[in-house]
Amino acid sequence: MGNFCCHFEARHDDDDENKADLSKATIVFVLGGPGSGKGTQCELLVKKYGYKHLSAGDLLREEVKKGTQLGKEMESIMKEGKLVPTEVTVKLLRKAMQASSNDKFLIDGFPRAIDQAETFEQDIKPPALVLFFDCPEEEMKKRLLKRGESSGRADDNEETIVKRFRTFLDCSMPVIEHYERQGKLAKISAVPPPDEVFVEVQRAMDGLSTEHGEKPRASDHVAAHAQGAGLMAA
Ligand SMILES: Nc1ncnc2c1ncn2[C@@H]1O[C@H](COP(=O)(O)OP(=O)(O)O)[C@@H](O)[C@H]1O
Ligand SMILES: Nc1ccn([C@@H]2O[C@H](COP(=O)(O)OP(=O)(O)O)[C@@H](O)[C@H]2O)c(=O)n1
């Protein structure tokens, strides 16, 4: 079996680094397997909490659409259900964050590997909270095949879905475990209908304090979440 976390050689292009100060930004990572409902919950979060939603997958697909050489390489990686090089995705995210007037960000579908988490934390900053949508593969597969009927996405097909699941298990689960160890993870069942999932999402988000603008206190969140939802070890 090949290495599903593999990357091709990184390109360095730092022309837009440090253009805007992101040191005061509030960052929430939104993680979960393919089709677990990350995008759906982000839409609800934007409406209620006014965050800027940045989907790593959407940013990558926009680049692919441009038809550049890099875009073509990324397209074939995505069709294989593998991960685009960290540097490419972090650069797109940083650029989109700097272009936004918002200072609260939902980073959806990122980080998907430990090196992505490390690079983002070093280049930008660590997350205040990590939402993890927990969903069985069978349910995710059903949702993705249904989405594939109208999404037009080249990766919403049975063959690629299986590969994306493999990448998620091999590369992304260690990221979930990493943030669980740090006490930043809110693990939420993604199986109920979206509005029911969102009840748990709000419980996690409401643990982020708003004193002096938006100053996150992960420990408040973890305590509230553990008490309320029984999802974290005491
Ligand atoms: N809680 C849910 N129950 C049933 N279907 C859902 C739920 N959340 C999302 N979906 C549907 O599943 C598909 C995948 O959801 P999406 O938000 O696009 O997932 P992701 O961003 O994690 O890939 C979409 O067609 C969406 O409408
Ligand atoms: N951090 C990321 C996010 C997405 N991707 C690529 O983009 C694809 C689609 O990601 P996505 O987040 O839009 O979709 P889902 O797989 O979550 O439904 C992934 O399968 C990867 O090929 C990546 O390489 N690195």
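The values are calculated or read from the model by the stated rules, or taken from the named source; none is laboratory data. Only a predicted model underlies this, so the values are computations on that prediction, with no experimental measurement involved. Ideal geometry is used to build each Cβ from the backbone, glycine not excepted, and the neighbour counts take in all protein chains shown.
When E75 is tested against (1) of a type outside the set (G, A, S); (2) closer than 17 Å to R147 by Cα; (3) in a helix (DSSP H, G or I), only condition (2) is not met. Considering region 71-90, the residues that are more than 16 Å from ligand 1 (Cβ to nearest atom) and of a type in the set (S, T, N, Q) include one that is surrounded by the fewest Cβ atoms within 10 Å (Cβ to Cβ), namely S76. Being within 21 Å of D123 (Cβ to Cβ), of a type in the set (S, T, Y) and at pLDDT 95 or above is true of S100. Can you find, within region 47-58, the residue that is surrounded by the fewest Cβ atoms within 10 Å (Cβ to Cβ) among those that are assigned to a helix (DSSP H, G or I) and either within 13 Å of ligand 1 (Cβ to nearest atom) or among the polar types (S, T, N, Q) (or both)? Filtering region 47-58 for residues that are assigned to a helix (DSSP H, G or I) and either within 13 Å of ligand 1 (Cβ to nearest atom) or among the polar types (S, T, N, Q) (or both), the one surrounded by the fewest Cβ atoms within 10 Å (Cβ to Cβ) comes out as D58. Does at least one position in region 91-109 carry a residue that is within 12 Å of ligand 2 (Cβ to nearest atom), surrounded by fewer than 18 Cβ atoms within 10 Å (Cβ to Cβ) and over 24 Å from F132 (Cα atoms)? No, there is no match, as no residue in region 91-109 is within 12 Å of ligand 2 (Cβ to nearest atom), surrounded by fewer than 18 Cβ atoms within 10 Å (Cβ to Cβ) and over 24 Å from F132 (Cα atoms).
Taking the conditions (1) more than 16 Å from ligand 1 (Cβ to nearest atom); (2) under 26 Å from S23 (Cα atoms) in turn, F132 satisfies each one other than (1).
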